[in-house]
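What follows is a short report on a single structure.
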Amino acid sequence: MSGSAAMQEATAPVEARGAAKKKEAEFRDYRAEARPSVKELYRLNHENQTLATVLAKKKQFLSLDRRVMGVWEALEFMDQLVDDSDPDTENSQIAHALQSAEAARRDGQPRWLVLTALIHDLGKILALWGEPQWAVVGDTFPVGCAWSDKIVFPELFAKNPDTHVAAYQTACGIYEEGCGLDNVHMSWGHDEFLYHVVKDYLPLEALYMIRYHSFYPAHREGAYGHLMNEQDREMFAWVKRFNPYDLYSKADAPPDVKKLEPFYRELIAEYFPRELRW
Ligand code: FE
Ligand code: FE
């Protein structure tokens, strides 16, 4: 499935915008047959995210030599994308970015956290470079060790080739207990990619939010504690704190991009150089 095919596929049924605000329990409802593209996305994700695939994607993308571009420019560039893995929104990515950031700002969060909310999904520009959505979006999980049954649609791992590698099927797999997540290869996607683009410019708390915001099996379900170290445990408090701005801001009214642009351009300039390598 090419990125553009995925994007077309995701343009279908639109929930009435401005409809009554969703209740919190109604988010991340993967039973929602209304979006069959979500389960199809996870079928491809769980079948294809092997340790070998992750290592190959890292080699392919982490040289950051695809494009030189500023953060606001990247937001505008990414605005063409709808995320197939997300049962909660049909809004454009720039709307999601601004809704998350504005929710954090309303709560009086520090400026670096508001900025983090704004940019957290920018790694999705991978999809605009032709990457299939299974290699861009969706919940993330470690590869090279046993899959937790707390991962969404765990049964879909049955066709992942790593099933047949005994060394990858123990709780720790190729890792050591307590080795720390920095030493663990996560399934490849927008979290990991953006982390590498911005890692020199933001505080550690922000980097954790960016790198692990899709790691629901850990930050929501408490799985994979055996691979974490002290720093991970401390920093996951911030990953959890960030989550509501990502998740529950999606039902908010569409933001006025033009009106908000000056504020966010200034905030971006406070932390980032004019251009970043992607
Ligand atoms: Fe995300
Ligand atoms: Fe998001």
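Footprinting exposure proxy ranking of Asp139, Asp232, Asp200, fewest other C-beta atoms within 10 angstrom first, gives Asp200, Asp232, Asp139.
How big is Rg to Rh over segment 34-277, alpha-carbon atoms, Rh as the Kirkwood inverse-mean-distance radius?
Rg/Rh for segment 34-277 comes to 0.95.
For the pair Gln169 and Gln231, what calculated FRET efficiency results from E = 1/(1 + (r/R0)^6), where r is the Cβ-Cβ distance and R0 = 22 Å, to the nearest 0.05? With a Förster radius of 22 Å, E is 0.20. If R0 is 22 Å, the Cβ-Cβ spacing of Lys258 and Val68 corresponds to a FRET efficiency of close to 0.30.
Placing unit charges on the Cβ atoms only, positive for Lys and Arg and negative for Asp and Glu, gives segment 34-277 a dipole magnitude near 240 debye about its Cα centre.
Between their Cα atoms, which of Lys58/Lys259; Lys59/Lys258; Lys59/Lys199; Lys124/Lys159; Lys57/Lys159 are more than 27 Å away from each other? Over 27 Å apart, Cα to Cα: Lys58/Lys259; Lys59/Lys258.
With the simple model of a label 7 Å out from the Cα in the direction of the Cβ, Arg277 to Glu177 spans 4.0 nm. Legend: ranking of residues Lys57, Lys258, Lys124, Lys159 from fewest to most surrounding C-beta atoms inside 10 Å; resulting order Lys258, Lys159, Lys57, Lys124.
Listed peptides 221-229, 180-188, 40-48, 259-267 appear in the order 40-48, 180-188, 221-229, 259-267 once ranked by packing, highest mean of other Cβ atoms within 10 Å at the front.
Every number in this text was worked out from the coordinates using simple rules, so none of it is lab data. Because the structure is a prediction, the values reported are computed rather than measured. With ideal geometry, Cβ positions are generated from the backbone for all residues, glycine too; neighbour counts draw on all protein chains shown.
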